[in-house]
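Nothing in this text is a laboratory measurement; each read-out follows from the coordinates by a stated rule. Every value quoted in this text rests on a predicted model; they were computed, and no experiment measured them. Note: ideal-geometry Cβ built from the backbone for every residue, glycine included; neighbour counts use all protein chains shown.
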């Protein structure tokens, strides 16, 4: 059992490790939703087993789908979507948002609730959009009750997805089952995490759904069957970020196995970001290797398309030779916690000068000291704290178990990396 707070390990020598990261949470949960709405069974290979994906499985089972789990090979057999049903979304944005339109396709009431913080996460734009499509929804935030009739007409809809791209993806995933499909336009400020929407579109097309991209932030999903078959989930490139950042703090090198040559995941852009900060990057058949360079530079970067990197990058920037500015991430105030405030507080408490901006953070490195790093039940903050511990003695990570949200074996894999082994 891991102690709480967990003493983040500090290596005694430069790193020399090879690690394996689990399957992508974003791909797994999208694949599960499409499988539950498909016309035939789907096998999801390489599926991630974590809190978020287990919550998705529980929600889909409650709605009538059958999910058989055999290691990382999961078989989903569609069933008649029905209520009454209760869905526990935990703190998973993909569950609370993706299952709302699915619940609208169910015959009968479906109640969706989650952890206390989930009740504060943005949902109103999605709820309002469904109401304009004729769906009856009680409430504007969790807990919600969707009073589905088994049919959603679809048509044309504009919503403001600036709080989270998941609000857009949720509608796109269910849209093939709407009677008239859906012409969906994002009408607000900048849409964050657009690679996640691109992933949604790509996964729809892989299931033979016709999706037209009419213009910027404007899609037309045609009605029709979602095909079953086999879906292979890539490694989670966002969860790989702390391991890739590690050599830039501790020296040496880390190789992440199975890094795809091409990927639509936002985390595919992480190596180029680290290269700008001084890393040496090499991709081979074995995986992606990051080596420490001569110097760790600060960075001025817009992370709107890769905001899941922001927590780890803030930790890394704390060790740089010059200040950093991370922008395009104002929407992170509505994530598992207010990540901007949390990073400013926790890194600041260890000696780093962190200033909140309207849409990001300004980080000025300074002498750092150990102490407790609170995680606010946020897996990305726990990963950031582990990165800080590579270069500072006495960093104690509160509730490191929250990494189970997306990476249940994080502590063991991290400890093996620090000790120079294979994780």
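Laid out as a table, the results:
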{"quantity": "Using alpha-carbon coordinates, inclination of helix 379-389 to the longest axis of the chain, degrees", "calculated": "10"}
{"quantity": "Residue order, fewest to most surrounding Cβ atoms within 10 angstrom, among 363, 214, 159", "calculated": "214, 159, 363"}
{"quantity": "Shape of the stretch 62-136, Cα gyration tensor, a/c cut at 1.5", "calculated": "oblate"}
{"quantity": "Sequence-separation-based contact order of the stretch 93-193, relative, with Cα cut under 8 Å and 6+ spacing, percent", "calculated": "31"}
{"quantity": "The stretch 103-245: equivalent-ellipsoid semi-axes (sqrt of 5 x gyration tensor eigenvalues, Cα, Å)", "calculated": "24, 21, 16"}
{"quantity": "Binned Cα-Cα distance frequencies in the chain - 20 Å width, integer %", "calculated": "28, 56, 16, 0"}
{"quantity": "Virtual paramagnetic centre 7 Å along Cα→Cβ of residue 358, amide N under 12 Å, in the stretch 296-337", "calculated": "328, 330"}
{"quantity": "Chain lengthening between residue 257 and residue 156 when straightened (0.36 nm per residue, less Cα-Cα)", "calculated": "32.1 nm"}
{"quantity": "Relative contact order %, the chain, counting alpha carbon pairs below 8 Å whose residues are six or more apart", "calculated": "19"}
{"quantity": "Residues 131, 119 arranged by fewest to most Cβ contacts within 10 Å", "calculated": "131, 119"}
{"quantity": "FRET efficiency, 1/(1 + (r/R0)^6) with R0 41 Å, evaluated for residue 322 and residue 232 via beta carbons", "calculated": "0.50"}
{"quantity": "Radius of gyration, Dmax [the stretch 163-252; alpha carbons; angstrom]", "calculated": "16.6, 56"}
{"quantity": "Kirkwood-type radius of the stretch 276-369, with distances r between different C-alpha atoms, in Å", "calculated": "13.8"}
{"quantity": "Amide N proximity, the stretch 20-39 versus residue 202 label position 7 Å along Cα-to-Cβ, cut-off under 15 Å", "calculated": "24-31"}
{"quantity": "Euclidean distance of C-alpha centroids, the stretch 42-88 and the stretch 225-272, integer Å", "calculated": "24"}
{"quantity": "FRET efficiency estimate (nearest 0.05) - Cβ-Cβ, residue 284 to residue 116, R0 35 angstrom", "calculated": "0.20"}
{"quantity": "Angle between the chain longest axis and helix 25-36 axis [Cα atoms, degrees, rounded to 10]", "calculated": "10"}
{"quantity": "Enclosed volume per residue, in Å³, of the convex hull spanned by Cα atoms of the stretch 1-135", "calculated": "155"}
{"quantity": "The stretch 25-232 - percent relative contact order, Cα under 8 Å, separation 6 or more", "calculated": "21"}
{"quantity": "Principal-axis tilt of helix 339-349 within the chain, Cα atoms, nearest 10 degrees", "calculated": "20"}
{"quantity": "Label-reachable residues, the stretch 134-154, where backbone N falls under 16 Å from a point 7 Å from residue 180's Cα toward its Cβ", "calculated": "134-135, 151-154"}
{"quantity": "Full-stretch length increase - residue 295, residue 39 - with 0.36 nm per residue and alpha-carbon distance subtracted", "calculated": "86.8 nm"}
